Amino acid sequence: MQEKKGKGPSRRDIIRSAGAAAVLGAAAGASAAPGGAVTAPRPPRAFSRQAEVPGFGKARVVIVGGGWSGLEVARQLKKLKPELDVVLIEKRATFFSCPLSNLWLVGKLPLEELIHSYTDAARNHDYTWLHAAVVDVDRERRVVYTDEGWLTYDFLVLAPGIDYDYARYGVPDATEAARLRSMYPAAFKPGSEHITLRHKLENFEEGIFLLTVPPGNYRCLPAPYERACMIAGYMKENDIKGKVLLLDVHDEPPFKPDGINEAINDLYKDHIEIVRGVKVMGIDVSRRTLHTNKGDITFDDAAIYPPVRGAKILERIGIAKTDEPGLFAHIDPVKYHVIGDERVFVGGDARPMPFVKAGFAANYEAGHIARIITNQMDGKEMGPLQSPGMMCYVAVNADPLQSVAFKISFGMVYDRKTGGYVFRQTAQAFVNRSRAFGKANLQWGRSLFNEMFYSAL
Amino acid sequence: MTEKTDRRQFIRLCGRTAAAMAVARAAGHRVIAPAFALENPPRVRLVKADGSPLKAKDLPLHANWIFHYPYHSSPALLIKLDDPAPPTEVEDKDGKAYTWPGGVGPDKNIVAYAAICAHALSYDSKETAFLNYRRERNQMTGHGRVITCCAHASVYDPAAGAKVLAGPAKFPLAAVLLEHRAETDELFAVGLIGSELYGEFFKAYRKELRKAFGRSRYKKMVEGDVVAMPVKEYSEDAIKC
Ligand SMILES: Cc1cc2nc3c(=O)[nH]c(=O)nc-3n(C[C@H](O)[C@H](O)[C@H](O)COP(=O)(O)OP(=O)(O)OC[C@H]3O[C@@H](n4cnc5c(N)ncnc54)[C@H](O)[C@@H]3O)c2cc1C
Ligand code: FES
């Protein structure tokens, strides 16, 4: 369906949402005044029930979030100490991969390549999957509360990923942000948003399809560029009179863009326009307009990628770094535990360290976190993380599939001058796009899916 | 490890594997038997695409060749290095040491390894060879004369039992044991040691292996003569990274 253009919520929408609020209010015993003020309801009953997970009487590690980080922490823990009771809590029913999703977006990869079963992962790696959403953590009593009941832990790993921060795009109002998110979803969190974006493309008739590149260490630096290439290729292939307008806040992208720029020049001159140095300062959803430092910019359809922040659960349970806009986890950057609590760890894109927010980084780091935990159980110390150089690929042409490559290493190194650890990341770019790299791009993902869900290697 | 337990373990290895390892022992190296060696490995002769025997002297220096061993579907790289490769001690996936018995041939420089990555099982197929040996230093890894897997950039040293030099892999590629018959200059693949990955390999790629090598044939062991050829002739894309 094409987006409804230029209208605010209809009268019927308002009635429907008022009705929903009334139902909710009644169920929770809260009172909702017309206009929205809600007094706090009592806590839901789920809090007082124990979650139905097998108890093994062994040390239990609970992992919150079954994304690229959490899945790998769970797998590695069982590899290192098969006797551990490992419980992975994930609220989604099915895994959906962000990596490789840009190829699926334009119909060049079947959905079954991206979606995988948490049941498979748990059964092949011998841990428990609890299909639930974590709502709170009592760190004093070592209890995790979920909508399926509570459970205790000996160690806790939080890998909940990111949330969007629309306030930094000049949309501080929660209702307006929610509307923006449903009308022009970023599709940088796995699942439904991606499906919506695909439907938007399939229904796109003509005009400007807008993408944004946010400031800060956003999730997957080259992904907005990869997506621009894929969408432009789709427009070209289907003879759509349109173009991708990519608004990048940076004057130079925060990664080595040569191979991607070259592809854009060679392949998509007529279908991609990049404007750099664009700061988004406000968004008028109804008018499909961005207010920016370069004036107002209108679009026909869009996937608006705002700055990212640590997943909200971190803030809710009081372990977010509230003095920084990213609200990422407040952890020791070398030992990975929450400051002041050596039983709670945070990994993946929720970490505060400025590593690339990428699946391969989360995956490699997960092995390190698992080792920190098992070492701690064995009374052993663990050195800082230093990743080897690893390849990652960025698709620039969908048909024939061609990608460019990067090799990245990251970690914390000891700094003699300060006597502390400093962050270090190196990246090299392989700029020549090729079919061979396209194949490697697919295998990069497939082999990691195999590890996370199936292989006992 | 004492000489005594060493010998006992050694005898437990099947005849062919033990014989191939004994070469290293005869050369005066301390030999640690691997925890894993393929049981009843086939003994196959390597031949060229035209069916004639592949002689050690026919294999070009810095060859990046492929053959299938021990199963019809499991690829292995055949490499001729420029220097003799002496036996080397390496560690398997459980951290257990074993001796890789070194290169074979008149110059002790011909080696073979499973072309199945010890990181996440990427392998060399007709469509794509992810693992390749290259002589030249590559700009990404900075290493020359190494086997690189381009799925995530694991780098292995073929002159040292495929020890990991860089990248996310944690243990060496499995080693194919070779035998060189001096009288005829022929090469034979006779065993496989190191880390067992074939169970996981079949599990991961069953569908495509069946399609490429036959419904049941894919997991049958090779026998008789096995064709070896340059990777760039076998695979559509030999990836360089
Ligand atoms: C379009 C796109 C392309 C990308 N391409 C690449 C690429 O090619 N290579 C690469 O390396 N990276 C890529 N990335 C980045 C990669 O997806 C992320 O870096 C990676 O997913 C981070 O892993 P994570 O586990 O921290 O977060 P996620 O994978 O987002 O996982 C977090 C999980 O936690 C769950 N969760 C959150 N809160 C709760 C709760 N309260 N209770 C229960 N469960 C909860 C969520 O449902 C989610 O499943 C791409 C990302 C995008 C969006
Ligand atoms: S599969 Fe070979 S490097 Fe990952």
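Just so it is clear, none of the values below were taken in a lab; they were calculated from the coordinates. Just so you know, these numbers come straight off a predicted model, no measurement behind them. Quick reminder, even Gly has a Cβ in these numbers, built from the backbone with ideal geometry, and neighbours come from all protein chains shown.
Numbers at a glance
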item: Rounded to the nearest 20 debye, dipole of the stretch A:168-307 from Cβ charges on Lys, Arg, Asp, Glu; result: 440 debye
item: Extreme residue, positive dipole direction of the stretch A:332-441, given options A:Leu401, A:Leu385, A:Gly347 (C-beta unit charges); result: A:Leu401
item: Per chain B, cysteines lacking a partner by the 4.7 Å Cβ criterion; result: B:Cys14
item: Burial order of peptide ranges A:210-219, B:217-226 (average beta-carbon count within 10 Å, highest first); result: A:210-219, B:217-226
item: Percentage relative contact order, the stretch A:168-307, counting C-alpha pairs under 8 Å, at least six apart; result: 35 percent
item: For B:Val47, distant residues with modelled amide H under 5 Å away; result: B:Leu54, B:Val226, B:Val227, B:Ala228
item: Relative packing of A:47-55, A:225-233, B:41-49, which averages over residues the other C-beta atoms within 10 Å, highest first; result: A:225-233, B:41-49, A:47-55
item: Net charge of Cβ neighbours under 11 Å - reference B:Gly161; Lys, Arg +1; Asp, Glu -1; result: -3
item: Span-like helix ranges in chain B, DSSP H, alpha carbon extent 27 angstrom or more, Kyte mean at least 1.6; result: none
item: Calculated log₁₀ intensity ratio I(q)/I(0) where the Debye formula runs over C-alpha points of the stretch B:70-179, q = 0.10, 0.15 Å⁻¹; result: -0.25, -0.58
item: Separation between Cα centres of the stretch B:12-45 and the stretch B:182-211, rounded to whole Å; result: 16 Å
item: Relative counts (whole %) of C-alpha pair distances in chain B, using bins that are 5 Å wide; result: 1, 7, 15, 20, 22, 17, 12, 5, 1, 0
item: Dipole magnitude of the protein assembly as shown, debye to nearest 20 (Cβ charges: Lys/Arg +1, Asp/Glu -1, about Cα centre); result: 780 debye
item: Among B:Leu131, B:Phe213, B:Gly95 - extreme Cα towards positive end, dipole of the stretch B:38-238, charges at beta-carbon; result: B:Phe213
item: Evaluated at q = 0.11, 0.16 Å⁻¹: base-10 log I(q)/I(0), Debye formula over Cα of the stretch B:109-241; result: -0.41, -0.89
item: Cα-projected label distance for A:Asp239 with B:Glu208, points at 7 Å along beta-carbon direction, nm; result: 3.5 nm
item: Shielding by partners - mean other protein chain Cβ count within 10 Å, residues of A:442-453; result: 5
item: Global form of chain A, assessed from the alpha-carbon gyration tensor, a/c cut-off 1.5; result: oblate
item: Label point distance in nm, A:Asp415-A:His131, each placed 7 Å from Cα along Cα→Cβ; result: 4.7 nm
item: For A:Trp129, residues with placed amide H under 5 Å, excluding near neighbours; result: A:Leu88
item: FRET efficiency estimate (nearest 0.05) - Cβ-Cβ, B:Ala19 to A:Ser192, R0 45 angstrom; result: 0.15
item: Inter-chain shielding of B:157-170 (mean C-beta neighbours from other protein chains, 10 Å cut-off); result: 2
item: Pairwise label distance in nanometres, B:Ala182 with A:Ala59, each label 7 Å out on the Cα-Cβ vector; result: 5.6 nm
item: Cα-based Kirkwood hydrodynamic radius, the stretch A:168-307, one decimal, Å; result: 15.2 Å
item: Considering only the stretch A:132-288, percent of DSSP beta bridges that pair antiparallel, nearest 5; result: 40 percent
item: Per-residue ³J(HN,Hα) for the stretch B:171-183, Karplus 6.51 cos²θ - 1.76 cosθ + 1.60, θ = phi - 60°, Hz, x for Gly and Pro; result: 8, x, 5, 5, 9, 8, 7, 10, 9, 10, 9, 4, 4
item: For chain A: relative contact order, % (alpha-carbon pairs under 8 angstrom, 6 or more apart); result: 17 percent
item: Cα centroid of the stretch A:291-346 to Cα centroid of the stretch A:424-449, whole Å; result: 27 Å
item: DSSP beta bridge pairing in the protein assembly as shown, given as percent antiparallel to the nearest 5; result: 70 percent
item: Vicinal HN-Hα couplings computed from phi for the stretch A:296-311 (Karplus, 6.51 cos²θ - 1.76 cosθ + 1.60; Hz; Gly/Pro x); result: 7, 10, 9, 8, 9, 8, 6, 10, 8, 9, x, x, 9, 9, x, 3
item: Cβ neighbours within 10 Å from other chains - mean over B:210-221; result: 0
item: Fully extended contour minus Cα-Cα distance, from A:Asn261 to A:Thr289, at 0.36 nm per residue; result: 7.4 nm
item: Computed E for A:Lys279/A:Glu176 - FRET, C-beta separation, R0 25 angstrom, nearest 0.05; result: 0.85
item: Farthest positive-ward along chain A dipole, Cα basis, beta-carbon charges - from A:Gly70, A:Gln425, A:Pro254; result: A:Gly70
item: Residue exposure sequence - A:Val61, A:Val334, A:Val278 - by fewest surrounding Cβ within 10 Å; result: A:Val334, A:Val278, A:Val61
item: The stretch A:151-190-the stretch A:45-98 distance, computed between alpha-carbon centres (Å); result: 22 Å
item: Residue-wise HN-Hα coupling along the stretch A:265-281, computed from phi with Karplus coefficients 6.51, -1.76, 1.60 (Hz; x: Gly, Pro); result: 5, 6, 10, 10, 3, 8, 10, 10, 10, 9, 10, 9, x, 9, 9, 7, 10
item: Contact order normalised by residue count of chain B, Cα under 8 Å, 6+ apart, percent; result: 27 percent
item: Förster-model FRET efficiency, 60 Å R0, A:Phe47 and B:Glu223, C-beta, rounded to 0.05; result: 0.40
item: Ordering of B:105-117, B:151-163 by packing [mean C-beta count within 10 Å, highest first]; result: B:151-163, B:105-117
